[in-house]
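The values are calculated or read from the model by the stated rules, or taken from the named source; none is laboratory data. Bear in mind that the values here come from a model prediction, so they are computed numbers and not experimental data. Methodologically, a virtual Cβ is constructed for each residue, glycine included, from the backbone with ideal geometry; neighbour enumeration extends over all protein chains shown. Remember, those area values only see protein heavy atoms, side chains included, never the ligands or the DNA or RNA. Shrake-Rupley method; radii C 1.70, N 1.55, O 1.52, S 1.80 Å.
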Amino acid sequence: MSLLRVHDLKAAYGPVPALFGVDLELAAGEVLALMGRNGMGKSTTVKAICRMIPSQGGLQFAGHDLHALPSYKVARLGIGLVPEGRRCFKDLTVQENLVAAARSGPWDLKGVDGLFPRLGERRHQRAASLSGGEQQMLAIGRALMTNPQLLILDEATEGLAPIVRQEIWAAINRIKTETGMAILLIDKSLRELSAVSDRAMILARGHTVWTGKMTELTPEITHEYVGV
Amino acid sequence: MIRESYINWIVLAGFLVVPLWALSADEPFTITLATRAVLLALAAVGLNIALGIGGLVSLGHAAFFGLGGYAMGILAHHAQTFTPLELGMFTIAGTKSMPIIWLTAIIVSALAAFVIGLLSLRTTGVYFIMITLAFGQMFFFFSISWSAYGGEDGLSIYVRNGFPGLNTLVPIQFFGLCFTALCAALFVHWKLRKSPFGLALNAARQSPARVETVGLNPVRLKLLAFVISGAITGLAGALFADLNRFVSPTMFSWQLSGELIVLIIIGGVGRLMGPVIGAALFVTLEHFLGAFTDFWHVWLGVILLLIVLFARGGVVGILTGKAGPHV
């Protein structure tokens, strides 16, 4: 049974339409790569799922109609978002960022410290003083502290040094294997996406154009729709 | 640079030393001045929860200060005239008991803050400032037209209200009471700032949209902060009216709301002792410069200008070398 079901999703930024009919299904414990070129609607799809922008169409999570809920209630249902561009609470320390988001469940400060030891070392440092990679780790840790059923990572490794990207991908792998959490990934690194994802979905011009197992993704398809 | 915790203790100690010196030097007026500073600080500590942690620039906090004052004034007026207070279907007796008056002031101010906050928090930025100002002015003009309680002339209370075990007419004893209330409010601020609620409120100030993505309702967080803030400012109003044994529409004036914001900015927005330092400076300037000129506010304006331009963290920011939060 699907944890997240998106059917014929349409969304617009004011008068400018951005999504024309996106279909997406994600089962519990599954990792789905959401792919496509820049400006094709990947982040818009995520924003619509999280109710950060208005949308029409089917939008169900764990049996609940998300259209009936405001953004914060969607998060409380169990959708943890790591937004594009990190966006930590910069005036708060690392620990305060995590505590502010904490909800009861298996993920706590110790768990996040275990996943990202660097954050534990900088627990009392203000988020504004962290490096880009550390801020990204904090953004992931903050989403995990909400103890979600589904973790959405929007361009989590964008603009980071290769060694930091490796750390982030290793953490995503650990989250997948150790917790069985469903993950929706948006990223440009096809190699890493292939290694961690079960299935892929490709968006082009606001439509779903391809869905299938990661193993079924051919170089021709990725070249045509993803540009790699 | 000095650690903020040291500054906090030094300021608190200073607030104790001055009235104790005045007591030994037989200077009761100085104790009254110190009490005035403590009560302005208490009102500003209340506002600092909404402004400093929640980023809510309320230009209507005098509404809660005045409500606290009128809660005291009305209850004491009915007690001293031996007339019951008619509240529609209910009739209650007036009282001269401070604990009952404080509780009434806190409840009335909190309820008013809930209603005002519920409506005002539908807006942000300059609209929030304007709507809170409008509510403050509504209370101001209502109190002017409320002839039953003195209208524009206000209400005088002949004898200061009582507190069990204390003679509140003795300045140092009344100061002790007010100082204890200030310490309690500072403790609330300190605990609240580091609590999950305070952290979430701080996060909501920085980005309401981001805070929603972690399952928190920014409006509810800010509303609760506004209610706590209004309740503390209301308590300050009740005590302030007791200090002067007088309550009038000026307690609702927008100038007072502005002064509370100025105190916080001078001391340091969001800093625990920011409002306390601001209030101490304000009363000191008012007393010493006021003796030379009626236009002492000009110098207060110069200080405010310098702080806004060159020291955004206020006096605490200058001493600690750390800027305050961005509001």
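Could you check how many residues of the range A:105-130 are assigned to a helix (DSSP H, G or I), hydrophobic (A, V, I, L, M, F, W, C) and either open to solvent by less than 30 Å² (accessible area, probe 1.4 Å) or touching a His at 6+ places or on another chain (Cβ under 7 Å) (or both)?
Residues meeting the conditions: 4.
So which helices (runs of 4 or more DSSP H) are wholly in the range B:162-235 and hold at least 3 residues that are more than 14 Å from chain A (Cβ to nearest Cβ) and open to solvent by 50 Å² or more (accessible area, probe 1.4 Å)?
Those helices (runs of 4 or more DSSP H) span B:171-194.
So A:R86 clears everything in (1) surrounded by 21 or more Cβ atoms within 10 Å (Cβ to Cβ); (2) at pLDDT 90 or above; (3) not in a helix (DSSP H, G or I) except one condition, right? Which one?
Of (1) surrounded by 21 or more Cβ atoms within 10 Å (Cβ to Cβ); (2) at pLDDT 90 or above; (3) not in a helix (DSSP H, G or I), only one is false for A:R86: (2).
Could you give me the residue pairs with C-beta distances under 7 Å whose first residue belongs to the range B:272-301 and is within 28 Å of B:V188 (Cα to Cα), whose second residue is in a helix (DSSP H, G or I) and charged (D, E, K, R) wherever it lies, and which are 6+ apart or on separate chains?
B:V283/B:R36
Of everything in the range A:131-156, what is outside any helix (DSSP H, G or I) and surrounded by fewer than 22 Cβ atoms within 10 Å (Cβ to Cβ)? Give them in sequence order.
A:S131, A:N147, A:Q149, A:E155
In the range A:157-180, which residues are open to solvent by less than 10 Å² (accessible area, probe 1.4 Å), within 15 Å of A:R86 (Cα to Cα) and aliphatic (A, V, I, L, M)?
A:I168
So, A:A100, is that one within 8 Å of another protein chain (Cβ to nearest Cβ), open to solvent by less than 20 Å² (accessible area, probe 1.4 Å) and under 21 Å from A:L184 (Cα atoms) or not?
no
If you scan the range A:122-174, which residues turn out to be touching a helix residue (DSSP H, G or I) at 6+ places or on another chain (Cβ under 7 Å), charged (D, E, K, R) and within 12 Å of chain B (Cβ to nearest Cβ)?
A:R142, A:D154, listed by residue number.
Suppose we filter A:V6, A:V22, A:V74, A:V31 for residues that are touching a residue at least 24 places away in the same chain (Cβ under 8 Å), within 14 Å of another protein chain (Cβ to nearest Cβ) and not small (G, A, S); which single one remains?
A:V74
Quick one: would you say B:T32 is over 27 Å from B:Q137 (Cα atoms), modelled with pLDDT of 95 or more and open to solvent by 10 Å² or more (accessible area, probe 1.4 Å)?
Answer is yes for this residue.
Looking at the range A:34-53, which of its residues are more than 14 Å from chain B (Cβ to nearest Cβ) and assigned to a loop (DSSP other than H, G, I, E, B)?
Selection gives A:G36, A:R37, A:N38, A:G39, A:M40, A:G41.
So in the range B:212-231, with the set limited to residues that are without any contact (Cβ under 8 Å) to a residue 24 or more places away in the chain and touching a helix residue (DSSP H, G or I) at 6+ places or on another chain (Cβ under 8 Å), which one is nearest to A:M145 (Cα to Cα)?
Residue satisfying both the conditions and the ranking: B:V214.
How many residues are more than 15 Å from A:L59 (Cβ to Cβ) and at pLDDT 95 or above if we restrict to the range A:4-23?
Selection size over the range A:4-23: 0.
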